[in-house]
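I'd like to ask you about the structure that follows.
The values are calculated or read from the model by the stated rules, or taken from the named source; none is laboratory data. Not measured: the values here are computed from a predicted model. A quick note on method: Cβ atoms are made from the backbone with ideal geometry, for glycine too, and the neighbour counts reach across all protein chains shown.
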Amino acid sequence: MDETKIALFAERMKAAGMPALATENFLRSLRFVADGGTTKIPEHSIGTVNRLDTLDQLCGYEAAGRKAMSRMVVIKLNGGLGTSMGLSKAKSLLEVRPGLTFLDLIARQILAQRSRWASPIPFLMMNSYRTREDSIATLSAYPDLGADLPLDFLQNKVPRIDAESWEPVAWEEDPDLEWCPPGHGDLYVALKCSGMLDRLLHRGIRYAFVSNADNLGAVLDPRILGWIAQERIPFVMEVATRTRADRKGGHLATRGGQLMLREVAQCLPEERGDFEDVSKHRYFNTNNLWLDLQALSDMIDRYPRGLPLPVICNEKQVSATQASSPRCYQLETAMGSAIECFAGAQAIVVPRDRFAPVKTTNDLLAVWSDAFELTEDYRLVAADSERYADCVIDLDPRYFGRVEALAARFPEGPPSLVKCRRLTVSGDYSFGGDVVVEGEVQLLNEGTTPLHVDQGQVLGSTS
């Protein structure tokens with residue numbers, strides 16, 4: 001790419017106040033993609049992972065984990081707006097139970113863990129510019145949550161790339177659309193250039209547990225912490241065994257003798273079948289990660305332009321609501337792909353109750369329902385984890401794809417899904433209260449008039 005164009009991106013980021021490290025990290029990715037660097041990971045270039053230790057095998061490390069708890073920080077990724085579900089605010093501000101949002105439950109989890117482990121565990125969010133204000137306001141209801149650290153640090157933002165000119169996108173109608181988040185792989189750069197990494201290390205905080213704000217099953221576990229501390233492991237990824245419901249999630253593999261992560265966007269189209277083969281690629285990334293912060297700091301010193309994470313290039317339209325808006329590219333990285341950067345990085349198989357993310361309204365309906373239970377320590381876990389691992393909820397996105405529309409079609413509350421194996425709804429339906437779904441259920445409405453499922457109806461495998 002012409003260095004004149006590179007300079008346009010550098011100037012745009014400098015004018016927006018982006019840190020030098022974030023700018024250099026983006027420019028490295030930009031040069032790589034513009035010069036024809038591949039963002040795909042072919043099947044022949046990776047190996048499979050057939051066996052890993054499980055969380056149950058780490059029981060001997062619990063005492064070491066309890067001892068290391070005073071050197072621990074919990075970080076939640078809270079940059080998502082939930083735009084795919086029609087939201088314009090942080091997804092973590094959605095109610096999960098009446099009157100309780102994701103952030104409410106996270107705050108209560110942290111306070112419960114401090115009490116349980118008798119340790120003042122610091123808590124941080126990585127916010128985006130769009131999620132910061134509302135999220136901090138919500139957590140003001142928990143004055144004991146903060147300590148002598150701020151509650152958050154900011155994710156960076158990077159320019160979108162015009163697909164025709166390979167220059168920064170210009171969109172006068174909404175200048176915010178000229179920018180995009182760089183993916184949660186920005187965590188490492190954001191920790192460093194915000195000063196938070198050095199601040200944590202100066203306080204004696206050595207270990208971090210990182211997870212998504214929409215995953216209420218992700219809580220501290222002293223066994224993993226003790227394993228990291230005692231065995232001096234720089235990076236641990238929690239993985240779970242893939243089922244048909246996890247085919248599109250990033251899977252664990254090996255490359256050059258090192259564990260690595262491949263996301264679906266990095267898969268060649270003709271190899272999608274291999275990517276989704278859950279018997280071949282057995283483990284998926286839960287995005288629950290454990291970091292040795294000193295090892296991270298040392299790694300950043302080795303790579304002053306940011307960790308060399310694989311680049312993901314996503315093609316979008318500048319405005320999702322205007323079909324005539326120009327095409328653009330967004331360059332992103334995945335947080336979990338850092339597993340390939342750390343010599344000695346490990347993965348551990350965890351039970352499904354540590355993984356309950358909400359990415360779509362399908363997931364949201366499930367966590368609203370009795371398929372999930374709220375524990376005394378404010379975790380949200382599947383009532384029957386083995387059954388739910390294979391459960392598929394597939395609601396017609398035309399009628400159920402937005403949170404407001406989903407709630408309108410279940411005005412008296414979600415159906416019982418605890419015995420559901422598959423629920424497929426095609427067409428427009430509304431539901432009365434106390435509806436029960438058991439086994440496999442398919443509802444099909446090919447007409448234009450909404451159909452109604454009556455109150456108390458039991459939908460079985462023949463419905």
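Could you tell me how many of the residues in segment 180-211 are at positive phi and at pLDDT below 95? I'd like the intermediate steps shown before the answer.
Start the filter on segment 180-211 by keeping residues that are at positive phi, which leaves 183, 195, 204.
The next check asks that each one be at pLDDT below 95; those that pass are 183.
Of the residues in segment 180-211, 1 are at positive phi and at pLDDT below 95.
Enumerate the pairs (first residue in segment 162-182 and free of Cβ contacts under 8 Å to residues at least 12 places away in the same chain; second residue anywhere and assigned to a helix (DSSP H, G or I) and surrounded by 15 or more Cβ atoms within 10 Å (Cβ to Cβ)) with beta-carbon separation below 9 Å, excluding pairs fewer than 6 apart on the same chain, so at least 6 apart or on different chains.
Listed by first residue and then by second, the contacts come to Ser165/Lys5; Ala170/Glu178.
Let me confirm something: among Ala229, Ala253, Ala190, which residue is buried (at least 19 other Cβ atoms within 10 Å of the Cβ) and touching a His at 6+ places or on another chain (Cβ under 7 Å)?
Ala253
Picking from Val425, Val437, Val453, which residue would you name as being farther than 24 Å from Gly82 by Cβ, in contact (Cβ under 8 Å) with a residue 24 or more places away in the chain and buried (at least 17 other Cβ atoms within 10 Å of the Cβ)?
On the way: Val425 fails: farther than 24 Å from Gly82 by Cβ; Val437 fails: in contact (Cβ under 8 Å) with a residue 24 or more places away in the chain.
When all the criteria are applied, what remains is Val453.
Now for a different question. Taking helices (runs of 4 or more DSSP H) that do not extend beyond segment 1-114, which have at least 1 residues that are surrounded by fewer than 19 Cβ atoms within 10 Å (Cβ to Cβ) and without any contact (Cβ under 8 Å) to a residue 60 or more places away in the chain?
Details: elements: 3-15, 20-34, 62-68.
So the answer is 3-15, 20-34.
Select from segment 169-187 the residues that are touching a Leu at 6+ places or on another chain (Cβ under 6 Å) and crowded, with 21+ Cβ neighbours inside 10 Å and list them in ascending order.
Matches in segment 169-187: His184, Gly185.
Go through segment 225-247 and report how many residues are more than 21 Å from Asp353 (Cβ to Cβ), part of a loop (DSSP other than H, G, I, E, B) and either among the β-branched types (Val, Ile, Thr) or touching a helix residue (DSSP H, G or I) at 6+ places or on another chain (Cβ under 6 Å) (or both).
2
Is it the case that segment 55-77 has a residue that's over 27 Å from Gly226 (Cα atoms) and out of contact with any Phe, Trp or Tyr (no Cβ under 8 Å at 6 or more places or on another chain)?
Filtering segment 55-77 for residues over 27 Å from Gly226 (Cα atoms) gives none.
Looking for residues that are over 27 Å from Gly226 (Cα atoms) and out of contact with any Phe, Trp or Tyr (no Cβ under 8 Å at 6 or more places or on another chain), one finds none in segment 55-77, hence no.
Further question on the same structure: Would it be correct to say that Thr321 is under 16 Å from the mean Cα position of the chain (by Cα) and among the hydroxyl-bearing types (Ser, Thr, Tyr)? Please lay out each step first, then the result.
Details: under 16 Å from the mean Cα position of the chain (by Cα): no; among the hydroxyl-bearing types (Ser, Thr, Tyr): yes.
Against the criterion (under 16 Å from the mean Cα position of the chain (by Cα) and among the hydroxyl-bearing types (Ser, Thr, Tyr)), Thr321 does not qualify.
Turning to a different aspect of this structure: Quick test for you: out of Pro159, Pro120, Pro143, pick the one residue that is assigned by TED's automatic domain parsing to the domain that holds Met18 and within 16 Å of Leu220 (Cα to Cα). Don't jump to the end; show me each part of the working.
On the way: Pro159 fails: within 16 Å of Leu220 (Cα to Cα); Pro143 fails: within 16 Å of Leu220 (Cα to Cα).
On inspection, the qualifying residue turns out to be Pro120.
Can you name the residue in segment 253-289 that is part of a strand (DSSP E or B) and of a type in the set (Ser, Thr, Tyr) and, of all such residues, is farthest from the chain's Cα centre (by Cα)?
Restricting attention to segment 253-289, the residues satisfying the condition of being part of a strand (DSSP E or B) are 253-255, 258-262, 283-289.
Those left that are additionally of a type in the set (Ser, Thr, Tyr): 254, 283, 286.
Working: Thr254: 22, Tyr283: 16, Thr286: 8 Å.
By that ranking, first place goes to Thr254.
Looking at segment 175-211, which of its residues are within 14 Å of Leu124 (Cβ to Cβ) and assigned to a strand (DSSP E or B)?
Passing the criteria: Tyr207, Ala208, Phe209, Val210, Ser211.
On to the next question. Picking from Arg66, Arg71, Arg97, which residue would you name as being at pLDDT 95 or above and touching a strand residue (DSSP E or B) at 6+ places or on another chain (Cβ under 8 Å)?
Going through Arg66, Arg71, Arg97 in turn, the sole match is Arg71.
Now, a different point. Of the residues Ser430, Ser463, which is assigned to a loop (DSSP other than H, G, I, E, B) and either modelled with pLDDT of 95 or more or not charged (D, E, K, R) (or both)?
Values: Ser430 fails: assigned to a loop (DSSP other than H, G, I, E, B).
Matching residue, one of Ser430, Ser463: Ser463.
Ok, one more. Among (1) in a loop (DSSP other than H, G, I, E, B); (2) closer than 25 Å to Gln317 by Cα; (3) out of contact with any strand residue (DSSP E or B) (no Cβ under 8 Å at 6 or more places or on another chain); (4) at pLDDT below 95, which single condition is Pro143 missing?
Here Pro143 clears every test but (2).
Taking the stated definitions as given, is Val219 in the same structural domain as Ile312 (by TED's automatic domain parsing), buried (at least 19 other Cβ atoms within 10 Å of the Cβ), in contact with a helix residue (DSSP H, G or I) (Cβ under 8 Å, 6 or more places away or on another chain) and over 27 Å from Ala16 (Cα atoms)?
Numbers: in the same structural domain as Ile312 (by TED's automatic domain parsing): yes; buried (at least 19 other Cβ atoms within 10 Å of the Cβ): yes; in contact with a helix residue (DSSP H, G or I) (Cβ under 8 Å, 6 or more places away or on another chain): yes; over 27 Å from Ala16 (Cα atoms): yes.
When the stated conditions are applied, Val219 passes them.
Also, I was wondering about something else. Please find, among Arg398, Arg352, Arg402, Arg409, the residue that is within 30 Å of Arg114 (Cβ to Cβ), basic (Lys, Arg) and out of contact with any Lys or Arg (no Cβ under 8 Å at 6 or more places or on another chain).
Numbers: Arg398 fails: within 30 Å of Arg114 (Cβ to Cβ); Arg402 fails: within 30 Å of Arg114 (Cβ to Cβ); Arg409 fails: within 30 Å of Arg114 (Cβ to Cβ).
From the options Arg398, Arg352, Arg402, Arg409, the qualifying one is Arg352.
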